[in-house]
Amino acid sequence: MVFVTTADGAQSIRGISYDAMKKDIRDVDRELRKHLKTVNVTGATKEEPEEAGADGPAAEAILSEPSVWTNADGKEIMAAVKLVNDSTVIFMIDGREVPYPLVDLSPESRLALQELVNQ
């Protein structure tokens, strides 16, 4: 069993059985990541922001929280949006920046990105 807690150990985040991990670790990883978005694991408060690194703030600004985007072939992409320019969207997927051509997105997703940028 894997047992995950907050940084100070005060709050249990998730217990994961070996059987669940053995069955499909990818499902376990997705569920844990989803749950971690709702829990403050670092212990930082709004009054005490996380330590900034030499490169700048601890959390970079993003345009949207993770959501589902659809490509021109109808396949779904779960990602946050960091940046949109004339030809490319920069998705954040598992902490990595992934450039994606706008032309490869569905018309609905391109429209949603345009609305996001115009807010």
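Rule-based calculations on the coordinates, nothing more; no lab input. What you see is a predicted model; the values in this text were computed from it and never measured. Please note: Cβ atoms are built from the backbone with ideal geometry, for glycine as well, and neighbour counts cover all protein chains shown.
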Open item on the list: If I ask for residues that are more than 25 Å from Arg30 (Cα to Cα) and among the polar types (S, T, N, Q), which ones from the stretch 66-117 would you list?
Closed with: Asn85, Ser87, Thr88, Gln114
- [ ] Run Thr70 past the list (1) touching a Lys or Arg at 6+ places or on another chain (Cβ under 9 Å); (2) in contact (Cβ under 8 Å) with a residue 24 or more places away in the chain and report the number of the one that doesn't hold.
- [x] (1)
